[in-house]
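Below: the structure, in structure tokens.
The values are calculated or read from the model by the stated rules, or taken from the named source; none is laboratory data. Just so it is clear, the model here is predicted, and its values are computed rather than measured. As a convention, Cβ positions derive from the backbone with ideal geometry for all residues, glycine included, and neighbour counts pool all protein chains shown. Protein only, heavy atoms only, side chains kept; ligands, DNA and RNA dropped before computing areas. Shrake-Rupley method; radii C 1.70, N 1.55, O 1.52, S 1.80 Å.
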Amino acid sequence: MAAPWTIRTAYEALAGNKISSRELTEEYLARIKKYDQRIGAFLETYTESALAEADAADQRRKEGMAAELTGIPFAIKDLIMIAGRRCTAGSQALADYRAAYDATVISKLKEAGAVFLGKTSLDEFAMGSSNENTRMSQPKNPWDTMRVPGGSSGGSAAAVAADECVAALGTDTGGSVRQPASFCGVVGLKPTYGSVSRHGVIAMTSSLDQVGPLTKSVYDAALVFNATCGRDSHDSSIAKGVQHIDLAQLEKPIKGMKIGLPEEYFVEGMDAAVKDLIDAGIKKLEELGAEIIHVSLPLTKYALAVYQITATSEVSSNLARYDGMRYGLSVEAEQLLEVYQKSRALGFGSEVKRRIMLGTFALSAGYHDRYYVQAQKLRTMIRQEYADIFKHVDCLVSPTSPSTAFLHGEKFADPLMMYLSDIYTVPANIASICAISVPAGLANGLPAGIQFMAPAFAETRLCHLAHQYEQATDWHTLQPKLG
Ligand code: GLN
């Protein structure tokens, strides 16, 4: 057995002494060296500490203390803090920032014995759908380097797709794990809001952000979720209802499962080749004995507007701290106000500034009730609509994104077009439910994902369906040709 390793195959090989964690880590460091100049997924790699972690993992295994993730090489979106390491959020404002402590997800992975290969590129402060909004390295899609990997967790998705790591962490506020997973042909899980700690994760939109895995299989995503979810004394948003995924359940047939097909997710403007893949996916689910039920979620059409207002409003408040005095790049000036102005003008890129301005407007006196409050009311209604539909169906199915990966530069000048690529992913964040993107095949040679959604804290049900679909198809085994 050799690369590409999944967590599961690597774990079995490690457990059977067929490979050591040091060998596995060396293999991945060599692959990064070989391919990442072309792909640009990593902002920084940690050769020395990764090998030391690998040795510690081998030792732990010898002592009979190994868990599934012990010795598994991970890549981490550069928005998640690893103590002592640079954490840039893809921004000039934090270009020199070194994390003072580990994010809780990192300490949980450390407890499990994971190996950290390095940090991956992202859109600045996770704002974007192409990973072009960064002044650091812009990653390329391993399937076609003329194309974007998606965003904002583009580096993590590209690293998994190019097999430069076994698994990666990203964050998903409006689709940033699932959309790049779809574009790069890998699995991306957005856990239910309140499942995974955000302590030590640089905030974009605190009422929506979730940390989620990018992996080569649904089973792997479930393993990472299980290792990272749950209680954290540093994050009071963790809910009591968080449940570990019951891995044994994933292997059961889905015969009789009721799957809703929301008409609002199959609208004009969707790539015909993507639609064909989703249609084929739905057929596959029927063959597996699932019952497909046509449903309607009429409020879905407001989800993107609600997202835009909520996300920009919270961005304007969350990013106020990068003023050159408290946090972030600091430009010297005579007057305090000038320090603020110059530091922020230089520190932030244009998409971040655009969102800060929109959000400040939406929250300002006289407009607050008209925009922000209105958006929150609608959000509650959308959440209720999804909760109600799950009284009739077990899960929902849809495309992950209306298109496959677009060309670098194709949508960059048109933010509205860019925002539309989140149209199918945003509702799950607004409704605070869980969702996953799984490879559904190639459309004109490029990968596209099928999205499954399940009620809040029903990750077991979600991964059960996703795993059964994945195992009934070969799409997850396709690899980009890297030469
Ligand atoms: N692409 C979306 C945006 O630009 C989602 C970002 C995210 O999930 N972090 O806002």
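What to note about this one:
- The stretch 345-429 - accessible surface per residue (Å², probe 1.4 Å): 47 Å²
- Under Karplus coefficients 6.51, -1.76 and 1.60, residue-wise ³J(HN,Hα) of the stretch 409-426 in Hz, glycine/proline x: x, 4, 10, 4, 7, 10, x, 5, 4, 4, 4, 5, 6, 9, 4, 8, 8, 4
- Note, ³J(HN,Hα) from phi for the stretch 245-253, Karplus 6.51, -1.76, 1.60, rounded to Hz, x at Gly and Pro: 6, 7, 5, 5, 5, 4, 7, 7, x
- Backbone HN-Hα couplings from phi across the stretch 211-226 [Karplus 6.51/-1.76/1.60, Hz, Gly and Pro as x]: 8, x, x, 10, 9, 9, 8, 5, 4, 4, 4, 5, 4, 5, 4, 4
- Percent accessible area from carbon and sulfur atoms, the stretch 329-483, protein chains only, probe 1.4 Å: 59 percent
- Carbon/sulfur fraction of accessible area - the stretch 78-139, other protein chains in place, 1.4 Å, %: 45 percent
- For the stretch 65-210, the spread of Cα positions along each principal axis, largest first, Å: 44, 31, 29
- In this structure the amide hydrogen of Tyr424, modeled in the peptide plane, comes within under 5 Å of no amide hydrogen from residues 5 or more places off or on another chain.
- List Arg38, Arg178, ordered by accessible area with a 1.4 Å probe, largest first: Arg38, Arg178
- Solvent-accessible area per residue for the stretch 110-235 (1.4 angstrom probe, square angstrom): 16 Å²
- Cleavage-rule hits (trypsin sites (Lys or Arg not before Pro)) in the stretch 212-279: DSSP loop, at most 13 neighbouring Cβ within 10 angstrom: Arg231, Lys240, Lys255
- Our helix-only sum for the chain, with -39,500 (n - 2.57) per DSSP H run of n ≥ 4 divided by its residues, gives a mean residue ellipticity at 222 nm of -11500 deg cm²/dmol.
- Here the spin labels are modelled as points 7 Å beyond Cα on the Cα-Cβ line, and at Ala100 and Ala280 they lie 5.3 nm apart.
- Summary of the geometry: the stretch 410-483 and the stretch 232-256, compared by the centres of their Cα atoms, lie 19 Å apart.
- Each part gets one Cα centre, and for the stretch 17-60 versus the stretch 291-354 those centres are 35 Å apart.
- Among Phe125, Ile106, Gly154 - extreme Cα towards positive end, dipole of the stretch 83-158, charges at beta-carbon: Ile106
- At q = 0.05, 0.06 Å⁻¹ the log10 of I(q)/I(0) for the chain amounts to -0.16, -0.24, computed by Debye summation with a single uniform scatterer per C-alpha, solvent ignored.
- GluC sites (Glu not before Pro), loop per DSSP, at most 14 other Cβ atoms within 10 Å - longest free stretch of the chain: 64-250
- Rolling a 1.4 angstrom probe over the stretch 206-323 with all protein chains present gives an accessible area of which 51% lies on carbon and sulfur atoms.
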